[in-house]
Amino acid sequence: MKDPWKDNSRYEAAQEIVVVLHAAGHKAYFAGGCVRDLLLGVEAKDFDVATSATPDVVMEMFAKTYSVGAHFGVVLVCSPDEDGEITTEVATFRHDGAYSDGRRPDAVRFSTDPREDVQRRDFTINGMLFDPLADSHEAAILDFVGGREDLTNHLVRTIGVAKDRFTEDKLRMLRAVRFAARLEFEIDAQTGAAIKALAAEITQVSLERIRDELTLMLTEGHARRAFEMLYELGLLQHILPEAVKMRGVEQPPQFHPEGDVWVHTMLLLEKLKPGSSPALAWGALLHDIGKPATFRPPDPKKPGDRIRFDGHVEVGVRMAETILGRLRFSNEETEQIIALVKNHMRFGDVLQMKESTLKRFLRLPKFDEHLALHWMDCMSAHGDLKLYEFAKERYEAAPVEEMRPKLLVTGRDLIAAGYRPSPQFKEMLEAAEDAQLEGLATTTEEGLAVVKARWGEPRDA
């Protein structure tokens, strides 16, 4: 088997921790997703260690540690690295008590038995252990839950009784969908049935955790499949009901031959590349969220009339603000996602925009994401990329100083010319900048002349 961890500094740091624990007489293994990734032949992002050593013992054995969840047996061990340091999560084998809050166990009992420890984990494919000191990878795998078989069969299945695992932590229902989508696996029938039965209880999970899980679904690849599964399992209705309303909302076939708003949106999600920014991903999901509320069927009294969504952008912006606020996105993330929703229809006017308007459009922050969204929007509908190609060419060709030149006219210039500060200053400055962007004003005097022509000479002049 090819070793996907060769020359991996995180692997080496975790392995050294296992060596130290073994030397002191403790059991220690790699645990969780990194073992799954080894068997899938992909490089793991993190390496977690599970051990029989208790948290206080772990903290005594290593020079630099942090107790992030000693009550639950979790300690972070810091290892020096040429780029700084590597942090490895080390967790003590444990048996969990009841989960009264649907997230964390009320109490835990530490254990020395790895078999007992894996029984508390979520899915079989995440429940295997790996001994990095064994002679071979084949001999190193400890599988007490049937994870290897489920990997072979491409199944996401809970460890033990599915209802019990999901009752312990409701977020596991979303994690099941995410793993199945990302790995292109199916969800085991009993596991899926338990999700459907408990779907309404997903609202007990904090909105921040739901947001983060949805964002991972959108950015890890296979976002379309993830959201289709969320709907099929009854989860989407409870966490993002606005998206469900897109289903069955017809669109004018001359512009959207692909189908209704839901189908169109799913086609966009299908085009999201792994590693896409969260803002672009959420922009793709929410760009047409206002269409169901603004749907207007053809007027039978008007021959040739078509389906319309008048005002769907403005409504969509308000809905997106509500959704992002509910999910507690940061102000910075919200600003870019809203900008994507707000501006996605403006590409339709790029050929008719006057030069100043076009330049203002092209200099929107992270305009590359606006381009990417428009490309996905076109390719998920009519497929005509004429406007995309025009905007892309202008965006890539225009130097920064041309798109956002140093202003010829500032507020100080207006005051120096004799204008008193007023709410009109904003319009005056925009008019002067428009003339500058159009090439009609190349000096401060010419910019002020534009202002005077529209607003007259200053009264104090």
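The values are calculated or read from the model by the stated rules, or taken from the named source; none is laboratory data. Since the structure is predicted, the reported quantities are computational estimates derived from the model, not experimental observations. Every residue, glycine among them, receives a Cβ derived from its backbone with ideal geometry; neighbour counts consider all protein chains shown. Please note that ligands, DNA and RNA were not included when accessible areas were found on the heavy atoms of the full protein model with its side chains. Shrake-Rupley method; radii C 1.70, N 1.55, O 1.52, S 1.80 Å.
Efficiency by 1/(1 + (r/R0)^6): what FRET value for Y66 and E186, r their Cβ-Cβ distance, R0 = 35 Å, to the nearest 0.05?
On the way: r = 39 Å, r/R0 = 1.11.
Efficiency at R0 = 35 Å is approximately 0.35.
Could you check the spin-label model distance between K163 and S9? Points 7 Å from the Cα along Cα→Cβ, value in nm.
Those two pseudo-labels are separated by 4.9 nm.
Need one value: the accessible area of H154 in square angstrom, 1.4 angstrom probe, rounded to the nearest 10.
90
What accessible area per residue, rounded to a whole number of Å², is obtained for the range 214-330 using a probe radius of 1.4 Å?
Values: 5000 Å² over 117 residues.
The answer is 43 Å² per residue.
How many Å² of accessible area per residue for the range 134-209, probe 1.4 Å? Could the numbers behind the result be given before it?
Working: 3400 Å² over 76 residues.
Accessible area per residue: 45 Å².
Among the lysines, select those whose C-alpha is under 25 Å from the C-alpha of K392, and discard any that sit fewer than 8 residues away in the same chain.
K271, K273, K342, K354, K359, K366, K406
Semi-axes, largest first, in whole Å: what does sqrt of 5 times each Cα gyration tensor eigenvalue give for the range 372-441? Don't skip to the end; give the middle numbers.
Values: eigenvalues 274, 40, 15 Å².
Sorted largest first and rounded, they come to 37, 14, 9 Å.
With a 1.4 Å probe and every protein chain kept in, tell me what percent of the accessible surface of the range 225-276 is carbon plus sulfur.
Solvent-exposed carbon and sulfur of the range 225-276 make up 54 percent of the total.
So which GluC sites (Glu not before Pro) in the range 1-95 pass both tests, a DSSP loop state and at most 15 other Cβ atoms within 10 Å of the Cβ? Intermediate values should be presented prior to the final figure.
On the way: sites: E12, E16, E43, E60, E82, E85, E89; in loops: E43, E82.
Listed in order of number, the matching sites are E43, E82.
For a protection proxy built on the mean count of beta-carbon atoms within 10 angstrom, sort 120-126, 433-439 highest first, please. Numbers along the way, then the final one.
Numbers: 120-126: 22.9, 433-439: 18.4.
Highest mean packing first, the order is 120-126, 433-439.
With P(r) over Cα pairs in 20 Å bins from 0, in percent defined as stated, name the option among (1) 20, 41, 28, 11, 1; (2) 26, 60, 14, 0; (3) 24, 56, 20, 0 computed from the structure displayed.
(1)
Mind checking which lysines have their Cα closer than 28 Å to the Cα of K302? Skip sequence neighbours fewer than 8 apart in that chain.
K245, K291
Please report Rg (one decimal) and Dmax (integer) in Å for the Cα set of the range 134-291.
Looking at the range 134-291, its Cα Rg and Dmax stand at 17.4, 63 Å.
List the residues, sorted by chain then number, that are 5 or more residues from F123 or on another chain and whose placed amide H is less than 5 Å from its amide H.
Answer set, sorted by chain and number: I159.
Give me the net charge of A53's neighbourhood, meaning all other residues with Cβ under 13 Å from the Cβ of A53; Lys, Arg count +1, Asp, Glu -1.
-1
Just need the relative contact order of the chain here, percent rounded to a whole number, with Cα pairs under 8 Å and 6+ apart.
Working: 724 pairs, mean separation 36.7, N = 461.
With pairs under 8 Å counted, the relative contact order is 8 percent.
Pull out the extension gain between A453 and S136, defined as 0.36 nm times the separation in residues minus the alpha carbon to alpha carbon distance; nm, one decimal. Before the final figure, lay out each step's value.
Values: separation 317, 0.36 × 317 = 114.12 nm, distance 8.26 nm.
Net length gain for the segment: 105.9 nm.
Just to make sure I understand: if all protein chains stay in place, what is the order of M403, M319 by accessible area at 1.4 Å, largest first? Please list the in-between numbers first.
Details: M403 15, M319 45 Å².
Descending accessible area places them as M319, M403.
Of the GluC sites (Glu not before Pro) in the range 107-209, which ones lie in a loop per DSSP and count no more than 11 other C-beta atoms within 10 Å? Before the final figure, lay out each step's value.
Details: sites: E116, E138, E149, E168, E184, E186, E201, E208; in loops: E184.
Those satisfying the criteria are E184.
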